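Take a look at the structure set out below.
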Amino acid sequence: HYCTWLFDILFELEKELDMTGYSDNDRRVFGFVSERLLDAWLITNNISYEELDLVYMEHQNWLHKGCAFLKRKFFPKNDE
């Protein structure tokens with residue numbers, strides 16, 4: 001049920017969006033929307049869930065990740 005509901009919404013959204021000029025990150029809009037819709041679907045259907053901490057199995061370079069995030073946020077590049 002969830003996948004049918006989700007993809008019906010995403011296909012309609014795809015018809016409405018003109019992604020001309022979107023950056024690589026902005027083109028991930030369907031993933032971002034899907035993340036938000038999952039919560040809405042779970043709550044609407046009274047499905048219980050548990051949030052767990054994320055565990056990284058390998059070392060993370062947080063300085064590099066943070067700098068990359070800030071660069072994307074404040075200096076987006078247009079890939080078109």
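In the stretch 26-39, the condition of being of a type in the set (V, I, T) and in a loop (DSSP other than H, G, I, E, B) is met by no residue. Of all the residues in the stretch 62-76, those that are surrounded by 10 or more Cβ atoms within 10 Å (Cβ to Cβ) and either part of a loop (DSSP other than H, G, I, E, B) or hydroxyl-bearing (S, T, Y) (or both) number 1. Of the residues making up the stretch 26-36, at least one is among the acidic types (D, E), exposed (fewer than 13 other Cβ atoms within 10 Å of the Cβ) and at pLDDT 90 or above.
Residues of the stretch 57-72 that are acidic (D, E) and under 18 Å from the mean Cα position of the chain (by Cα): none at all. Remark: pairs (first residue in the stretch 43-56, part of a loop (DSSP other than H, G, I, E, B); second residue at pLDDT 90 or above; Cβ separation under 6 Å; 6+ apart in sequence or on different chains) = Y49/L42.
The values are calculated or read from the model by the stated rules, or taken from the named source; none is laboratory data. Please read these numbers as outputs of a predicted model, since none were measured by experiment. Note that we place each Cβ from the backbone using ideal geometry, even for glycine, and neighbour counts take in every protein chain shown.
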